[in-house]
Amino acid sequence: MPDTDIQGSAYNYAYLDEQTKRMIRRAILKAVAVPGYQVPFGGREMPLPYGWGTGGIQVTAAIIGRDDTLKVIDQGADDTTNAVSIRRFFARVADVATTTRTEEATIIQTRHRVPETPLRDGQILVFQVPIPEPLRMLEPRETETRTLHALSEYGVMQVSLYESIARHGRIAKTYNYPVMVNGRYIMSPSPIPKFDNPKLDRSPALQLYGAGREKRIYAVPPHTPVKSLDFDDHPFEIETWTESCALCGSKESFLDEMIVDDAGKRLFVCSDTDYCESRR
Amino acid sequence: MRGPLLSACGVTKRFGGRIACRDVSFDLWPGEVLGIVGESGSGKTTLLNCLAGRLAPDGGSVTYETLSAGIVDVHHLSEARRRLLARTEWGFVNQDARDGLRMGVSAGANIGERLMAVGARHYGEIRREAIDWMTRVEIDADRLDDRPTTYSGGMRQRLQIARNLVSKPRLVFMDEPTGGLDVSVQARILDLLRGLVEGLHLSAVLVTHDLGVARLLTHRLMVMQGGMVVEQGLTDQVLDDPQHAYTQMLVASILPV
């Protein structure tokens, strides 16, 4: 049944037509059934450019309902252009409540961060993904990367980490750090800082990843093991800071470095604005 | 008495109406080096690719005796098993080292790739192994972190050999390993290969058009012409007393120095 009962709108509920939503939901179901596997889907033109979250917005549109409460973050912040536009978009086309509070949200669409506040059962985290294929920079052929995934042939990924240590003395990759999902598929966690990787592991929330340009959806179901790749003698480590947040004093959260005047004065603040505000 | 390591039986490969190799049969015994010689276009490389499981033949079969699972038909294995075989028990040395190496990563990563592919996860040990192999193929260990793009042709070829041998294969396929290298570099690589083949008890199938290389490295020789094997036998026998007219012509056309 089409749901077009939006006051004064010519659009279907949540922008996408029902057939498209059905197709995306089927892709999501498959993705959840095979954690970490990239499911192709028929990506649609969305009213924003590729690279701005067309994948995430389509996934959100397919799963959102009137009872949901939506939070949108961009680099951890609720008040950046992208976050504000997508939040307003869904408030208008899906008639949902929006929030900036992590605890209150049922769906959190995110770009480049996982909220600091631990997620709980029933929450869904929707990631915007630019390049879903973790092996892309190592193997340009799509047919070959699919074979490598199918046969679980992941030596080449380890080669890239080896190369990083050989050149920099440590694994220098700090974002989009490759992970092994459920001991089977290597997955790109989207360009979140590696600081957030441990939060993906056995998270009680459902994680959905949407890549609009590449037209792929993949997922990590709740409580699924997610392991960051490493070497026995160069174990995975997250970023640390000697400073604490200038606004809330947090020593545990991911900090952004800001230049605050022409003299080059620097300030460290939480990247997660909601977390920071709730602590002040 | 153990059976042959690799057996080809009536291997035939067509490309459309053109027959690249026809009804090739032979046995390769453990520790043996088999040479395949013939002019360009005689089907040597196609045959090698069929043997190594890279091309599916149109007729005939290739069987290989694995370490763990007994005798298998190379072309009836699942792709996963075949690829596993190719990166553990087998090696493949290409004529152009660029085809066999990852040019974008360091020599150490190139050598370590096979180790990591089968589960090595200790950086220090992978590196030690890589240094060991650099020394064995006579490349300075301090070039370990350099990319193969900065290597000379001969060094690249030696690196490719090390990258293949690090997983301790039992069988190595070589497609003109010394093609395109100058004579003194060729001689050093041949010397190296001969030492490695003997030291590691490798079996090898070597494709070459250079009878000198065949004489130095191989125990047995197959001469191919137009996709057919026209003569085969012990290398010295074939080269010193060629029976087939084409082999006689081939031997006669070696330039005297």
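Rule-based calculations on the coordinates, nothing more; no lab input. Note that this is a predicted model, so its numbers are computed, not measured. Quick reminder, even Gly has a Cβ in these numbers, built from the backbone with ideal geometry, and neighbours come from all protein chains shown.
What is the antiparallel percent of DSSP beta bridges lying wholly in chain A, to the nearest 5?
60
So what's the Cα pair-distance distribution over chain B, bin width 5 Å, in %?
Using 5 Å bins, I get a P(r) of 1, 6, 13, 17, 18, 17, 13, 8, 4, 1, 0, 0 for chain B.
Past 30 Å, Cα to Cα: identify those pairs from A:194/B:168; A:173/B:168; A:71/A:199; A:227/A:265, in the order given.
Over 30 Å Cα-Cα: A:194/B:168; A:173/B:168; A:227/A:265.
Can you tell which of A:77, A:263, A:61 shows the greatest fluctuation in a Gaussian network model of chain A with Cα springs below 10 Å?
Evaluated over chain A, the most mobile residue of the options is A:263.
For residue A:251, list the aspartates and glutamates whose Cα falls under 14 Å from its own Cα; do not include residues on the same chain fewer than 8 positions away.
A:116, A:239, A:243, A:272
Pick out which of A:54, A:98, A:117 has the largest mean-square fluctuation in a Gaussian network model of chain A, springs linking Cα atoms closer than 10 Å.
For chain A, modelled as a Gaussian network with Cα springs under 10 Å, the answer is A:117.
How much FRET efficiency would the formula 1/(1 + (r/R0)^6) give for residue A:79 and residue A:213, where r is the Cβ-Cβ distance and R0 is 35 Å, rounded to 0.05?
0.85
Could you tell me the ratio Rg/Rh of the stretch B:1-121? Both radii from Cα atoms, Rh via Kirkwood.
Using only Cα positions, Rg/Rh for the stretch B:1-121 is 0.99.
For the stretch B:83-235, give the magnitude of the charge dipole about the Cα centre (Cβ charges: +1 Lys/Arg, -1 Asp/Glu; no others), in debye to the nearest 20.
420
Based on the Cβ-Cβ distance from residue B:184 to residue B:29, what FRET efficiency comes out when R0 is 35 Å, to the nearest 0.05?
0.60
Which three extents, in angstrom, do the Cα atoms of the stretch A:76-177 have along their principal axes, listed largest first?
Here the spans come out as 48, 33, 29 Å, largest first.
With equal scatterers on the alpha carbons only and no solvent term, can you work out the Debye log10 of I(q)/I(0) for the stretch A:240-280 at 0.24, 0.33 1/Å?
Debye curve over Cα of the stretch A:240-280, log10 I(q)/I(0) at q = 0.24, 0.33 Å⁻¹: -0.73, -1.12.
Projected area of the stretch B:124-182, taken from the Cα convex hull and averaged over every viewing direction, in nm²?
One quarter of the hull surface, i.e. the mean projection, equals 4.5 nm².
Of all DSSP beta bridges in the protein assembly as shown, what percent run antiparallel (nearest 5)?
The antiparallel fraction comes to roughly 55 percent.
Let's see if you can work this out: charge +1 on each Lys and Arg Cβ, -1 on each Asp and Glu Cβ, no other charges. What is the dipole magnitude of the protein assembly as shown about its Cα centre, in debye to the nearest 20?
The dipole of the protein assembly as shown has a size of about 800 debye.
Based on the inverse mean of 1/r over its pairs of different Cα atoms, what is the Kirkwood hydrodynamic radius of the stretch B:144-246, in Å?
15.0
By what distance, in whole Å, do the Cα atoms of the stretch A:114-157 stretch along each of the three principal axes, largest value first?
Its Cα atoms span 38, 20, 15 Å along the three principal axes.
At a 10 Å Cβ-Cβ cut-off, how would you order B:99, A:78, fewest neighbours first?
Least crowded to most crowded, the residues run B:99, A:78.
Give, rounded to the nearest 20 debye, the magnitude of the charge dipole that chain A has about its Cα centre when Lys and Arg contribute +1 at Cβ and Asp and Glu contribute -1 at Cβ.
The dipole of chain A has a size of about 620 debye.
Mean projection of the alpha-carbon convex hull of the stretch A:28-125 over all orientations, in nm²?
Taking the Cα atoms of the stretch A:28-125, their convex hull projects to 6.5 nm² on average.
Report Rg/Rh for chain A, rounded to two decimals, where Rg is the Cα radius of gyration and Rh the Kirkwood radius.
0.98
By counting other Cβ atoms within 10 Å of each Cβ, how are B:137, B:251 ranked from fewest to most?
B:251, B:137
Sequence gap at least 6, Cα distance under 8 Å: using those rules, report the relative contact order of the stretch A:240-280 to the nearest whole percent.
Relative contact order, the stretch A:240-280: 40 percent.
Can you give me the distance in nm between label points at residue B:15 and residue A:69, each placed 7 Å from the Cα along the Cα-to-Cβ direction?
Spacing of the two 7 Å Cα→Cβ label points: 6.7 nm.
Label points 7 Å out from Cα along the Cβ direction at residue B:240 and residue A:104: separation in nm?
Going from the residue B:240 label point to the residue A:104 one covers 9.5 nm.
In what order do B:29, B:90 fall by count of nearby beta-carbon atoms within 10 Å, going from fewest to most?
Ranked by crowding around the Cβ, least crowded first: B:29, B:90.
Just to be sure I follow: if Rg is taken over the C-alpha atoms of the protein assembly as shown and Rh is the Kirkwood radius over the same atoms, what is Rg/Rh?
Taking Rh as the inverse mean 1/r over Cα pairs, Rg/Rh reads 1.10.
In the Gaussian network model of chain A, springs joining C-alpha atoms below 10 Å, which of A:156, A:72, A:179 carries the largest mean-square fluctuation?
A:156
Among all the lysines, which ones have a C-alpha under 18 Å from residue B:13's C-alpha, if same-chain residues fewer than 8 places away are not counted?
Partners found: B:44.
Which residues' amide hydrogens lie under 5 Å from the amide hydrogen of residue B:106, considering only partners 5 or more residues apart or on another chain, with H built in the peptide plane?
none
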